[in-house]
Amino acid sequence: MQFDDFYETVQSFGRYQKLKYLLVCLTYVLPPIMVYTWTFTAATPSFRCQLSSEDDPNNDFTQHVLARHVPSETQCREYKSTISVQECQRCYLSTNKSYHDESNGNTLKACTSFSFDRTYYESTLVEEWSMVCDRVSWKSLSQMIFFFGYMIGSLVFGVLSDKFGRRPIMGISFFIISFASFLCAFAPQDGLGFELSYSLFILGRFLLACASRGVALTGFVIGVEIVGPRQRLLTGIIIQYFFAIGELILLVFAYFFRSWYLLHTTLAILSLPFLIVYFLLPESPRWMISKGHYERGEKVLRHIAKINQTSFDSIAYQRLITEEKKREAIIDEKRHGFMILFRSKTMFIITLNISFQWFVQNLVFYGVSQNTGTWLSNPYISFGAGAIVEILAYFSVHLLLRLWGRKTIYCAFATGFAVFAILVVPVQVLMIKGSPGQNGLMFAIHVILKFFATGSYAIIYIYANELFPTQVRNTGMGICSMIARVGAIAGTLSNDLLARVWLYFPIVVFGVTSIIAVSFVTICPETLNKSLPQTVDDVELMGLALPWGRPKRLTRVQVDDENNTDENIALKLPTGGDNA
């Protein structure tokens with residue numbers, strides 16, 4: 001008897017699962033709030049050099065006088081050719097006495113203070129620490145460390161969750177988020193000096209990234225594991241809606257609290273109620289059974305049966321335990337843990353393949369999402385529009401996945417992204433540059449790219465969760481998420497570096513990598529309406545799929561032969577007993 005078979009006897013989506021799943025969904029609004037806060041608190045408003053009395057002894061800072069100190073295009077190209085003219089004109093001052101007098105040699109000097117536009121922000125960390133011009137690397141370093149925290153958190157919390165359980169890791173993650181949020185709010189102090197306050201702030205950001213992955217990964221896994229096969233698609237998509245809702249909640253706070261300090265402090269206070277989630281959150285009964293905690297599992301399952309007003313079948317539960325013990329008997333103890341993902345040929349191929357898919361989808365998603373603010377001049381409207389497009393993408397994925405499965409729809413979304421990404425080339429080359437037609441078409445393409453990127457990102461999350469076995473599911477998801485952060489960093493660097501060659505070069509690169517990802521994912525098996533695999537042997541039974549033929553599936557005996565251990569030979573199971 002498989003776990004899913006027994007789980008149906010206590011109702012796999014009754015009152016208990018619905019209440020607990022709603023709680024898990026509510027926890028899912030916190031990670032996007034903490035992650036995307038940087039969009040507003042470290043925004044770079046329009047700025048210019050601020051003149052001092054030394055620059056103009058008469059203190060006549062009228063617009064005409066300010067313009068006289070702006071370097072000319074000729075000066076910028078001659079003396080600061082490594083940066084754009086726009087960057088030169090807002091980061092340097094002309095010291096010529098007469099406007100555009102270029103007869104005195106190098107007459108540019110770097111600005112030491114700046115004046116920032118207050119149209120959308122009262123104050124940001126960029127202004128607090130003057131992270132512009134030659135100091136912009138401090139802002140980039142903070143983001144790099146944040147993504148590094150994403151990588152570490154994905155792996156560490158994934159492994160710990162598989163070893164110690166989903167519930168305690170969620171509780172620890174919420175505590176770290178609250179602590180790190182207050183650290184980020186109060187670390188930037190003038191009295192501490194820039195070096196110390198900046199160091200404390202990026203430490204807070206690092207911890208925030210680690211813990212956010214702990215909540216997001218573990219919460220997603222719990223949401224999928226507490227329901228049956230028929231509800232996995234529903235729970236895998238609905239929880240993504242709450243991620244987008246978290247972005248909209250952040251937008252509301254950011255709109256009303258336009259100072260970085262007030263916004264950070266408010267969100268830190270907002271994180272405190274989540275500390276009680278530990279006492280309300282359920283442990284995954286599927287995880288407990290897979291780890292051999294049969295008494296604890298029975299207690300939880302009896303509680304589920306009571307809440308769902310069904311009877312607990314003790315005889316069926318004993319059959320489940322007997323079957324699980326047989327499974328454990330044929331699995332070599334050394335194969336538990338991290339390396340179990342790489343000691344089976346099929347599991348090894350799937351792990352590498354899905355990890356690459358996560359890399360590509362994070363490259364694409366974050367590469368596109370970081371340009372959302374360029375859609376419109378108002379950053380609040382742009383951010384809200386991006387969140388709404390995400391919700392529409394999740395809704396579309398929800399409708400399509402239940403009809404055609406995971407792999408087909410994933411390929412369709414990734415291919416659709418690639419097509420519209422490459423379409424940017426003729427739009428930019430053949431249409432009149434800056435014309436209303438070109439601008440309108442580019443806006444539409446950006447929206448469509450965001451739609452496809454969000455959809456494929458959501459699908460690969462669900463697909464990977466259904467391919468990894470329960471005993472190492474969070475570990476596998478953690479590895480994928482860790483590698484995915486490399487993709488996010490690559491997407492960020494692509495926008496910064498490749499755009500210097502051509503503004504839309506990054507988008508074309510994202511499209512090409514999407515096509516490569518589609519070609520690889522075709523060998524993975526379909527998981528629609530299949531039981532979640534408990535062990536690697538269950539994954540072996542699913543087999544690999546050949547894009548030009550029928551899926552290759554192993555029988556239970558073939559799996560045992562491939563494992564080639566004495567225990568496998570002695571304890572072969574009948575082929576009629578698998579649910580793959």
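Given the residues Val521, Val486, Val472, which is the only one that is of a type in the set (A, V, I, L, M), under 23 Å from Met339 (Cβ atoms) and in contact with a Phe, Trp or Tyr (Cβ under 7 Å, 6 or more places away or on another chain)? Write out each step before concluding.
On the way: Val521 fails: under 23 Å from Met339 (Cβ atoms); Val472 fails: in contact with a Phe, Trp or Tyr (Cβ under 7 Å, 6 or more places away or on another chain).
Result: Val486 is the single residue among Val521, Val486, Val472 that is of a type in the set (A, V, I, L, M), under 23 Å from Met339 (Cβ atoms) and in contact with a Phe, Trp or Tyr (Cβ under 7 Å, 6 or more places away or on another chain).
In this structure, is Ser396 farther than 28 Å from Leu233 by Cβ and either touching a Cys at 6+ places or on another chain (Cβ under 6 Å) or of a type in the set (S, T, N, Q) (or both)?
Details: farther than 28 Å from Leu233 by Cβ: no; either touching a Cys at 6+ places or on another chain (Cβ under 6 Å) or of a type in the set (S, T, N, Q) (or both): yes.
When the stated conditions are applied, Ser396 does not pass them.
Within the range 272-290, can you find the residues that are more than 30 Å from Met34 (Cβ to Cβ) and at pLDDT 85 or above? Give the derivation first.
Here is the first cut: in the range 272-290, the ones more than 30 Å from Met34 (Cβ to Cβ) are 289-290.
Result: Ile289, single match.
Restricting the search to the range 162-191, which residues are crowded, with 19+ Cβ neighbours inside 10 Å and among the aromatic types (Phe, Trp, Tyr)?
Matches in the range 162-191: Phe174 only.
Got a sec? Which of Leu207, Leu217, Leu203, Leu233 is assigned by the TED database to the domain that holds Ile145, open to solvent by 10 Å² or more (accessible area, probe 1.4 Å), farther than 22 Å from Thr41 by Cα and touching a residue at least 12 places away in the same chain (Cβ under 8 Å)?
Leu233
Every residue in the range 115-161 that is in a loop (DSSP other than H, G, I, E, B) and of a type in the set (Ser, Thr, Tyr), please.
If we filter the range 115-161 for residues that are in a loop (DSSP other than H, G, I, E, B), which is where we start, we get 117-122, 124, 129-132.
Scanning the range 115-161 gives Thr119, Tyr120, Tyr121, Thr124, Ser130.
Which condition number does Ile483 fail, the rest of (1) under 26 Å from Met151 (Cβ atoms); (2) surrounded by fewer than 20 Cβ atoms within 10 Å (Cβ to Cβ); (3) in contact (Cβ under 8 Å) with a residue 24 or more places away in the chain; (4) among the aliphatic types (A, V, I, L, M) being met?
(2)
Kindly list the number of the only condition in (1) in contact with a Phe, Trp or Tyr (Cβ under 7 Å, 6 or more places away or on another chain); (2) surrounded by 21 or more Cβ atoms within 10 Å (Cβ to Cβ) that fails for Val159.
Single failed check for Val159: (2).
Based on what the data block shows, is Arg402 more than 21 Å from the chain's Cα centre (by Cα) and charged (D, E, K, R)? Walk me through how you get there before you give the answer.
Numbers: more than 21 Å from the chain's Cα centre (by Cα): yes; charged (D, E, K, R): yes.
Yes: the conditions hold for Arg402.
Starting from the range 335-357, keep only residues that are under 21 Å from Lys291 (Cβ atoms) and open to solvent by 70 Å² or more (accessible area, probe 1.4 Å), then list their pairs with residues that are at pLDDT below 90 and assigned to a helix (DSSP H, G or I) whose Cβ atoms are within a distance under 7 Å, requiring at least 6 positions of separation or different chains.
If the second residue must be at pLDDT below 90 and assigned to a helix (DSSP H, G or I), the pairs left are Phe338/Val159; Phe338/Thr475; Arg343/Arg335.
Among Leu449, Leu441, which is over 25 Å from Pro229 (Cβ atoms), open to solvent by 40 Å² or more (accessible area, probe 1.4 Å) and either assigned to a helix (DSSP H, G or I) or of a type in the set (Gly, Ala, Ser) (or both)? I'd like the intermediate steps shown before the answer.
Numbers: Leu449 fails: open to solvent by 40 Å² or more (accessible area, probe 1.4 Å).
Exactly one residue qualifies, and that residue is Leu441.
With open to solvent by less than 20 Å² (accessible area, probe 1.4 Å), over 30 Å from Glu526 (Cβ atoms), part of a helix (DSSP H, G or I) and assigned by the TED database to the domain that holds Leu532 as the only criterion, which of Gly416, Gly384 stands out?
None of the others qualify; the one that does is Gly384.
Just to be sure before I move on: is Ser514 buried (at least 19 other Cβ atoms within 10 Å of the Cβ) and either in the same structural domain as Leu400 (by the TED database) or free of Cβ contacts under 8 Å to residues at least 40 places away in the same chain (or both) in the structure I sent? Lay out the reasoning, then the answer.
Values: buried (at least 19 other Cβ atoms within 10 Å of the Cβ): yes; either in the same structural domain as Leu400 (by the TED database) or free of Cβ contacts under 8 Å to residues at least 40 places away in the same chain (or both): yes.
Yes; evaluated as a whole, the condition is true for this residue.
Residue by residue through the range 131-150, note down the ones that are within 18 Å of Leu200 (Cβ to Cβ) and of a type in the set (Phe, Trp, Tyr).
Trp138, Phe146, Phe148
Every residue, every condition in (1) open to solvent by 10 Å² or more (accessible area, probe 1.4 Å); (2) within 22 Å of Cys25 (Cβ to Cβ), yes or no:
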site	(1), (2)
Tyr255	yes, no
Thr266	yes, no
Ser271	no, yes
Glu283	yes, yes
Lys291	yes, no
Ser311	yes, no
Ala316	no, no
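What number of residues within the range 452-485 satisfy the criterion of being under 19 Å from Phe520 (Cα atoms) and either under 15 Å from the mean Cα position of the chain (by Cα) or part of a helix (DSSP H, G or I) (or both)? Walk me through how you get there before you give the answer.
Start the filter on the range 452-485 by keeping residues that are under 19 Å from Phe520 (Cα atoms), which leaves 452-453, 455-468, 476-477, 479-481, 483-484.
So of that shortlist, the ones also either under 15 Å from the mean Cα position of the chain (by Cα) or part of a helix (DSSP H, G or I) (or both) come out as 452-453, 455-467, 476-477, 479-481, 483-484.
Matching residues across the range 452-485 total 22.
The values are calculated or read from the model by the stated rules, or taken from the named source; none is laboratory data. Please read these numbers as outputs of a predicted model, since none were measured by experiment. Positions of Cβ are backbone-derived with ideal geometry, glycine not excepted, and every protein chain shown enters the neighbour counts. In case anyone asks, the SASA skips ligands and DNA or RNA and just uses the protein heavy atoms, side chains included. Shrake-Rupley method; radii C 1.70, N 1.55, O 1.52, S 1.80 Å.
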